[in-house]
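What follows is one structure encoded as structure tokens, with my remarks underneath.
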Amino acid sequence: TRTGATAYRIFSFNTTQAVELRALTINKGKVSGGATGAGINKVNSGTLTLTNVTVSNNINSGGNGGGLFNNGTGTVTIRQSAFTGNRANNNKAISNGASSRSIALENVTISGNAAAVHGGGVFANSSAVVINMDSVTIASNTADNDANGTGNGGGIFRKAGVVNIKNTLIGDNVDKGK
């Protein structure tokens, strides 16, 4: 288990190499002031693989990605993992930045996350993004959690790119501004 202190991101990867995290809990990361990725911040062209990882209760009070922010040309693969209780001021538990490529989600639960703006659960932000979901549960996530009418997509918000969904349950997600 890796737990943040007062105001620290738990992991930040800026590498062209492959990084793999297994059997780990990433809990209570906190960033603000426009920073990205309170739990995990991944930039550059490297690949990131999460297997049996729980990303929970991370807070980004000023930027994108409470749980995970992916920006760069590399890929992210997430298997048998959970993203729960993450909060972001702008967008989502799992967020793709403008230059990011792909995220593959297999047997993943995304639940109880909130964003003040778009995509309480998952956010796709680039025409280059491909998000593949297989056997994923996206439930009880909230967009526009301040109810000021600026957000969309409690479960998933696709601004651009492709989202492929297979054998997936999406339910009980809300947009408080609607």
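The values are calculated or read from the model by the stated rules, or taken from the named source; none is laboratory data. Computed from a predicted model, the values in this text were never measured in an experiment. Glycine gets a Cβ as well: all are built from the backbone with ideal geometry, and neighbour counts include every protein chain shown. Keep in mind that these areas ignore ligands, DNA and RNA; they rest on the heavy atoms of the full protein, side chains included. Shrake-Rupley method; radii C 1.70, N 1.55, O 1.52, S 1.80 Å.
Keeping all protein chains in place, calculate the accessible area per residue for segment 10-50 (probe 1.4 angstrom), answer in Å².
Here the per-residue accessible area is 44 Å².
Please compute, over every Cα-Cα pair in segment 9-88, the percentage with a separation greater than 21 angstrom.
Here the tail beyond 21 Å accounts for 20 percent of pairs.
How big is the Kirkwood radius of segment 43-178, worked out from every pair of different alpha carbons and given in Å to one decimal?
13.9 Å
At a 1.4 Å probe, what is the % contribution of carbon and sulfur to the accessible area of the chain?
Solvent-exposed carbon and sulfur of the chain make up 44 percent of the total.
Show me 158-165, 101-108, 83-90, 146-153 ranked by packing, highest mean number of other Cβ atoms within 10 Å first.
The peptides rank, most packed first, as 83-90, 101-108, 146-153, 158-165.
Taking Cα centroids, how far is segment 133-147 from segment 104-123 in Å?
What the calculation gives is 5 Å, centre to centre.
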